[in-house]
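Okay, so here's the structure we're looking at.
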Amino acid sequence: MIRLYSLFMLLDLALLVIALIDCLSAEEYAIRALPRIAWVFIILLFSPIGAIAWFVAGRPPRAVRMSNGEMWRPGSGFPEAERPRKGPVAPDDDPEFLRNLAQNLKEDESMMKRWEADLRRREDELRKRDEQQ
């Protein structure tokens, strides 16, 4: 029985060391889900579950060989400027929206001036009507 426990402890220690070395040697930008320091604490504090979680959810994804023989690496797709856009574009990124801002502002100002002139005209008519009575 003691041999079985010592075997499990040895396996746990080996898994912990391998996961820790793999985590510390991975590039910071490639680590998924959490920052490196969080993964180190998870691996050390929650052994062996933390080490297994690192290999499942935190480890950088591997390159995949495509059917044409080329290697595809995650993140090596489109450059940011050429990336296809999905869904609506934010207003501050939409050049059409930005062009129309100045025109809409002028239209709003002219509408406000017309309303103010109409309000002054009505007030004058009301004053004249009150003076005549």
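Annotations for the structure displayed:
- The label-point distance for Asn100 and Arg65, in a model that sets each label 7 Å from Cα toward Cβ, rounds to 5.2 nm.
- Loop sites here are GluC sites (Glu not before Pro) outside DSSP states H, G, I, E and B with no more than 10 other Cβ atoms within 10 Å. The longest part of the chain free of them is 71-133.
- Over the chain, relative contact order from alpha-carbon pairs under 8 Å, at least 6 apart, %: 15
- Spherically averaged projected area of the chain from its Cα convex hull (nm²): 19.8
Taken together, the values in this text are just the output of simple stated rules run on the coordinates, not laboratory data. Computed from a predicted structure; not experimentally measured. For neighbour counting, all protein chains shown are included, and Cβ atoms are generated from backbone atoms with ideal geometry for every residue, glycine included.
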